[in-house]
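Read the structure below first, then the notes.
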Number of protein chains: 2
Amino acid sequence: MKPVKIGICGLGTVAGGTINVLKRNAELISGRAGCAIDIVQVGSRKLKDHVDLAGIDFTTNVLDVASNPEVDIVVELMGGYDTALEVVMTALKNGKHVVTANKALIAVHGNEIIELAQSKNLVVAFEAAVAGGIPIIKAIREGLSANAISSVAGIINGTGNFILTEMREKGRDFADVLKEAQALGYAEADPTFDVEGIDAAHKLTILASVAFGVPLQFDAAYTEGISKLSTVDIEHAGELGYTVKHLGICRLHPEGIELRVHPTLIPSDKLLASVNGVKNAVLVESDAVGQTLYYGAGAGAEATASAVIADLVDVARVINSSAHAAVPELGFKPKHVKALPVLPMEQVSSAYYLRVLAKDRPGVLAKVASILSDKGINIESIMQRESEEHDGVIPMMLVTHVVCESAINSAIAEIESLADISGSVVRIRIEHF
Amino acid sequence: MKPVKIGICGLGTVAGGTINVLKRNAELISGRAGCAIDIVQVGSRKLKDHVDLAGIDFTTNVLDVASNPEVDIVVELMGGYDTALEVVMTALKNGKHVVTANKALIAVHGNEIIELAQSKNLVVAFEAAVAGGIPIIKAIREGLSANAISSVAGIINGTGNFILTEMREKGRDFADVLKEAQALGYAEADPTFDVEGIDAAHKLTILASVAFGVPLQFDAAYTEGISKLSTVDIEHAGELGYTVKHLGICRLHPEGIELRVHPTLIPSDKLLASVNGVKNAVLVESDAVGQTLYYGAGAGAEATASAVIADLVDVARVINSSAHAAVPELGFKPKHVKALPVLPMEQVSSAYYLRVLAKDRPGVLAKVASILSDKGINIESIMQRESEEHDGVIPMMLVTHVVCESAINSAIAEIESLADISGSVVRIRIEHF
């Protein structure tokens, strides 16, 4: 199938990530999409050197991209409202599909953009606008298409979640952590959008619309930030069994929708309460499947690029529309399916938990340790227990570093052959993820 | 657009759930799909009365469905290998798309089924075969299409996870919990497939193929069950900072893939370690987005139906293939988008955490409690702290039951007007999810 040609507007972090991933994974992406995705033009007020643009036409006028007759899909990665809106509307008027990562643009101007796209039978895709690389728009619109969705709640601003995590774990106060977040590049010099919940409200507005099938209503969203939250309340909440998160919550009622962003206590044993640092997570409540949760990186160049490119692949399928353009069963078109074998377990590496029952004699631990050491197996920790059964046998628990399974198997065989060892060694693999 | 016509083979739990959800959410589903999905025939050896089949043709010969000229999509929900394989191959030979929830069938016979489907330009969809209602196949094949995926690890058998959760939380032994799982209907009379990891290996085989683009290789999967796991090792693991889970793990290497199901220790602070009971979760590691995690119900009639119907909607879009058949921007076709307003916060209900600074005089708590009670606000818990600043002011923390925001606002105004109260009341909303 012939390549789909794209033009990218903007040359910031996300644009750089998108260009890099499209290049690095070009073969893999065309194997999934059924056609190549070629960047024919990039537009940005300034040329920047963090991306290699060799072989790609460059223009300082982003509207050139929206009017380029070569371009099938315009990728808007500039951010902001004004020029971005002009680019997107011009692209649609010129019959081009649009992919955007711009949450503010969709939350505020989405209704008019979508109306124009639909009247021209074009696609506007915005997976990257919400929760970065988590495919949450796809999960809601397609994965849960059977469901009446009743609510969506999410940690959808990584900066805010990083600040709250630090406040809770280290008892630091808001202003102190904000400064660190700014130094780390997690927060902007003007942190208002992140800490006052405006960014989260943009994303929540979009989530509510795709979950409930209602127009985008950002102006009506209730927004309360975390800048006035005090560490003492986070501590008290912890003692009461709760964790404080900055949540976006939307909920469907017959007479309207709830659309609100504010600090919220959630029971500490809920999965959402365990989402820490800059990570995002979205919890969807629906009638058929019940609760589902989606977790991952909510920001970052390549994480956001992941969502931008997923949209590009989807639009490429629409452009090449036919049953052949459906998602391939094994994720890749048949000629891209690789005949890789499954590796035998002896070739798999892992850390291991071992439980050895040792007779209570001096030197047993030294013998076991020396067998492991001879096989090149490093021990991370050892724990010994008093024998509970007073039978002179002491359980000894060892945690190893990562090692090939063949090595641990041969070490276990030697340990089991020691006269000081009773019965067989219990072996359970450890993964740190 | 004209309705897409489906025929369902099988009349067990999942078929019942699918028929019920298709009926209950018919309007919503056609609003998303752009056309109605009509059940024209159901085939099952026996007619069962747990589903209302009014208006639907019924046959005791499932092969009738695979040959019915009225049917566009055959939905195979019988399970097992033999008849299911015959039904699916017959349907494809007759030019019908196939949707199936049958993990064993796809893991074992998937390569030949997919080959036939591709040669006939038909879709075989199997979202429901892995992790029930979690849209994990879609997330991997479409949501992460930009990514080189390096590993997938999942808790993909709810029965096994329920047993391990009980063993860990209550110190019970395997045989004891298995009996309860059987009584609760979580485990079959013959629990081999679940507890020995065969069911998980079927699902993992499919996950590996869609993640890495390799043929299905169930026969080469390594499978180790949980039936020999002892409670004492789960306890020791806990003391070492680990939680034991029955994981399916696949990992890509240049020379082959790892494909293994076995008990695994994972650090207890990882999200995957917090997935308890019958729930499933899948962790995907990839190069652009990093780690993403997908969580939800891995089994159950309507949870699985959710995935079956998502596939039906996708196939309906392929059948009605055109740009109009793309996923609607707001999840629903324009005429199904509802003009619902956003509710004012005063109409939103929530539980609340309140922090009140009370002067250290008798009766303050009683006054606060009586204000709340007058507004119909029930108190769930109260916690008082000694004043740390020795200024005679005592912080009092209250957690309320769910109440309308207008009530809490008016109560707070009254509390703040008390002479015994210092400064303003801190109010943070609580959600229990």
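Every read-out reported here was derived from the displayed coordinates using simple, explicitly stated rules and does not represent laboratory data. This structure is a prediction, so every number in the text was calculated from the model and none was measured. When we count neighbours, we look across all protein chains shown, and the Cβ atoms used for this are built from the backbone with ideal geometry, even at glycine.
With both residues required to sit in the protein assembly as shown, DSSP beta bridges show an antiparallel share near 70%.
Take every DSSP beta bridge whose two residues both sit in the range B:136-297; close to 95 percent of them are antiparallel. Here the convex hull built on the C-alpha positions of the range A:275-433 has a volume of 235 cubic angstrom per residue. As a rough footprinting exposure proxy, the listed residues A:Thr243, A:Thr60 were ranked by other beta carbons within 10 Å of their own, and the order from fewest upward is A:Thr60, A:Thr243. For the range B:273-331 versus the range B:72-116, the spacing of their alpha-carbon centroids is 20 Å.
A cut-off under 11 angstrom between Cβ atoms defines the neighbours of B:Pro135, and their net charge, with Lys, Arg +1 and Asp, Glu -1, is -1.
A simple spin-label model places pseudo-atoms 7 Å from Cα toward Cβ; at B:Ser373 and A:Gln384 they are separated by 6.1 nm.
Packing-based ranking of B:128-137, A:19-28, B:336-345 yields B:128-137, A:19-28, B:336-345, ordered from highest to lowest mean Cβ neighbour count within 10 Å.
By Kyte-Doolittle mean hydropathy of at least 1.0 and Cα axial length of at least 20 Å, which whole DSSP H helices of chain B are selected?
On the way: long enough: B:103-119 (22 Å, 0.49); B:198-212 (21 Å, 1.25); B:301-319 (26 Å, 1.26).
Length and hydropathy pass: B:198-212, B:301-319.
Between the amide H of A:Ala351 and those of A:Val403, A:Ile430, distances stay under 5 Å, these residues lying 5 or more places away or on another chain, with hydrogens modeled in the peptide plane.
Placing R0 at 22 angstrom, the Cβ-Cβ distance between A:Glu86 and A:Ser119 gives a FRET efficiency of 0.75 after rounding to 0.05.
Stokes-Einstein diffusion for the range B:136-297, with the hydrodynamic radius set to the Kirkwood value over Cα pairs and evaluated at 25 °C in a medium of 0.890 mPa s, equals 153 µm²/s. Going from the fewest other Cβ atoms within 10 Å to the most, the residues B:Ser67, A:Ser417 appear in the order A:Ser417, B:Ser67.
Show log10 I(q)/I(0) for the protein assembly as shown at q = 0.04, 0.08, 0.09 Å⁻¹, two decimals, from a solvent-free Debye sum over equal Cα scatterers. So the normalised log intensities are -0.19, -0.77, -0.96. Counting only other residues whose beta carbon sits under 10 Å from that of B:Lys245, what net charge do I get with K and R as +1, D and E as -1? Once positives and negatives cancel, what remains is +1.
Checked against a 22 Å cut-off, the cross-linked pairs A:Lys338/B:Lys203; A:Lys228/B:Lys375; B:Lys96/B:Lys279; A:Lys170/A:Lys245; A:Lys103/A:Lys228; B:Lys203/B:Lys279 give Cα-Cα distances beyond that limit for A:Lys228/B:Lys375; B:Lys96/B:Lys279; A:Lys103/A:Lys228. In the structure shown, do any of A:Lys93/B:Lys335; B:Lys46/B:Lys93; A:Lys93/B:Lys5; A:Lys46/B:Lys333; B:Lys138/B:Lys335 have a Cα-Cα gap over 28 Å, and if so which? Beyond 28 Å between Cα atoms: A:Lys93/B:Lys5; A:Lys46/B:Lys333. Each residue of the range A:137-146 is assigned a 3J(HN,Hα), and the resulting list reads 5, 4, 4, 6, 6, 10, x, 10, 4, 7 Hz, derived from the Karplus form 6.51 cos²θ - 1.76 cosθ + 1.60 (θ = phi - 60°), x at Gly and Pro.
When you look at the Cβ of every residue in B:253-265, what mean number of other chain Cβ atoms sits within 10 Å? Intermediate results must be reported in sequence, preceding the final value.
Working: counts 4, 1, 4, 6, 5, 8, 5, 7, 0, 5, 4, 8, 10.
Rounded to a whole number, the mean comes out at 5.
Of all beta bridges that DSSP places with both ends in chain A, some 70 percent have antiparallel geometry. Using every Cα-Cα pair within chain B, state what percent have a distance larger than 35 Å. Within chain B, distances greater than 35 Å cover 46 percent of Cα pairs. Partner shielding of A:279-289 amounts to 6, given as the average count of beta-carbon atoms from other chains within 10 Å of each residue beta-carbon.
To two decimal places, what compactness ratio does the range A:296-359 give when its Cα radius of gyration is scaled by 2.2 N^0.38 Å? Each step should come with its number before you reach the end.
Numbers: Rg = 21.1 Å, N = 64, 2.2 N^0.38 = 10.7 Å.
Normalised Cα radius of gyration, the range A:296-359: 1.98.
In order along the range A:273-286, the Karplus-derived 3J(HN,Hα) couplings, from 6.51 cos²θ - 1.76 cosθ + 1.60 at θ = phi - 60°, round to 6, 8, 7, 10, x, 7, 6, 10, 7, 10, 10, 10, 10, 9 Hz, and Gly and Pro are given as x. Restricting to DSSP loop positions (anything but H, G, I, E, B) with no more than 12 other Cβ atoms inside 10 Å of their own Cβ, which trypsin sites (Lys or Arg not before Pro) remain in the range B:173-280? For trypsin sites (Lys or Arg not before Pro) across the range B:173-280 that sit outside H, G, I, E and B with at most 12 neighbouring Cβ atoms in 10 Å, the list reads B:Lys228. For chain A, the 222 nm mean residue ellipticity estimated from helices alone, with every DSSP H stretch of n ≥ 4 adding -39500 (n - 2.57) and the total spread over all residues, rounds to -10500 deg cm²/dmol.
The distance between label points at B:Met1 and A:Asn111 comes to 2.6 nm (points 7 Å beyond Cα on the Cα→Cβ vector).
Using only atoms on other chains, find how many Cβ atoms lie within 10 Å of each Cβ of peptide A:302-313 and report the average. If you can, show how the numbers build up before the last one.
On the way: counts 7, 6, 2, 4, 11, 5, 2, 5, 10, 4, 2, 5.
The per-residue average across the peptide is 5.
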